[in-house]
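To start, the structure under review is shown below, and the notes come after it.
The values are calculated or read from the model by the stated rules, or taken from the named source; none is laboratory data. Predicted, not measured: the structure shown is a model, and the values here were computed from it. Don't worry about glycine lacking a Cβ; one is built from the backbone with ideal geometry, like all the others, and counts go over all protein chains shown.
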Amino acid sequence: MAGPYVVVMENQTIVSDETLVILRAATSWSSRASLLRVLRVTVSQQGTSSAQQLGVILAQKASAFGTYTSTTPSPKYIGTVASGIGGSTSGAAAAAGTDASAEGAGTVTTIKAEGFNNLNGYLWVPTPSDTILIGPDLAFIVKLRGTPSTTTGWNAEVEFEEMT
Amino acid sequence: MTIKTPAGDLDDGTVYDLTLRHGSSERVIQSGHIRSFEQDGEMRHEVTGWVEVWEATPGPERTYETLTIGFLAENVRAFTALG
């Protein structure tokens with residue numbers, strides 16, 4: 001078990017209904033990072049002072065995956081061992097990405113759907129019974145629902161730990 | 001391989017300054033190295049290069065970061081080959 005690690009999308013210009021973060025576990029049960037536990041999700045905006053109500057979903061994403069900015073998770077305990085999850089532009093196994101420019105045709109299965117005010121931001125910290133686990137080769141996404149009036153200055157992060 | 005885009009043909013292995021469409025805005029990648037690969041039976045493209053960050057705060061805070069960004073050929077707006 002290793003972590004916690006955090007995948008960060010920082011101050012990006014986004015599009016409507018965008019996948020902000022994708023996190024896909026490693027394929028083989030015997031390899032590192034094949035089972036991940038999501039510890040925290042945040043979404044916030046710094047590009048406007050105008051209020052707007054938007055939706056956000058936490059979901060499972062099936063292949064075909066979208067097109068992302070490759071984003072390697074950072075250890076939250078600075079300087080400790082790197083995550084078994086790397087970065088990928090294509091939703092590859094054992095990899096993370098942010099700020100999708102194309103969503104991909106794969107099915108999205110929503111686990112949680114919530115609304116939030118962009119000025120307050122969205123923070124989800126699960127209680128033990130609310131925990132989301134990502135099994136081998138499966139992908140977890142944080143996806144915006146709606147069209148932001150201001151698309152600049154968006155942040156998102158997913159904090160997780162490796163259970164394997 | 002050659003990537004057919006609305007702005008013309010790109011070759012992976014060549015370095016480009018590249019402008020990609022991203023929703024209603026654009027992303028400019030400087031000195032971008034292009035790589036194509038197959039995943040799940042689909043050809044995919046990505047570019048690694050300098051990208052301006054802190055877009056919301058132009059001025060002295062502007063900085064550049066090396067990012068690897070996936071892109072669809074149809075989203076290439078413009079490019080200049082650097083060699």
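What the table shows:
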{"quantity": "Hey, A:Leu20 surrounded by 24 or more Cβ atoms within 10 Å (Cβ to Cβ), in contact with a strand residue (DSSP E or B) (Cβ under 9 Å, 6 or more places away or on another chain) and more than 28 Å from B:Val51 (Cα to Cα) or not", "calculated": "no"}
{"quantity": "Enumeration of residues in the range A:92-127 that are among the hydroxyl-bearing types (Ser, Thr, Tyr) and loosely packed, with under 14 Cβ neighbours inside 10 Å", "calculated": "A:Thr107, A:Thr109, A:Thr110, A:Thr127"}
{"quantity": "Residue within the range A:33-52 that is under 21 Å from B:Glu46 (Cα atoms), at pLDDT 95 or above and in contact with a Gly (Cβ under 8 Å, 6 or more places away or on another chain) present", "calculated": "no"}
{"quantity": "Test: A:Thr110 is polar (S, T, N, Q), modelled with pLDDT under 95 and under 27 Å from B:His22 (Cα atoms)", "calculated": "no"}
{"quantity": "Residue check for A:Ala62: touching a residue at least 24 places away in the same chain (Cβ under 8 Å), more than 25 Å from A:Asp137 (Cβ to Cβ) and surrounded by fewer than 16 Cβ atoms within 10 Å (Cβ to Cβ)", "calculated": "no"}
{"quantity": "Sole exception among (1) surrounded by fewer than 16 Cβ atoms within 10 Å (Cβ to Cβ); (2) in a strand (DSSP E or B) for A:Ala156, by number", "calculated": "(1)"}
{"quantity": "Any chance A:Thr151 is in contact (Cβ under 8 Å) with a residue 12 or more places away in the chain, within 14 Å of chain B (Cβ to nearest Cβ), assigned to a loop (DSSP other than H, G, I, E, B) and within 21 Å of B:Phe71 (Cα to Cα)", "calculated": "yes"}
{"quantity": "Enumeration of residues in the range A:95-134 that are within 14 Å of chain B (Cβ to nearest Cβ) and in contact (Cβ under 8 Å) with a residue 60 or more places away in the chain", "calculated": "A:Ala95, A:Ala96, A:Gly97, A:Thr98, A:Asp99, A:Ala100, A:Ser101, A:Glu103, A:Asn118"}
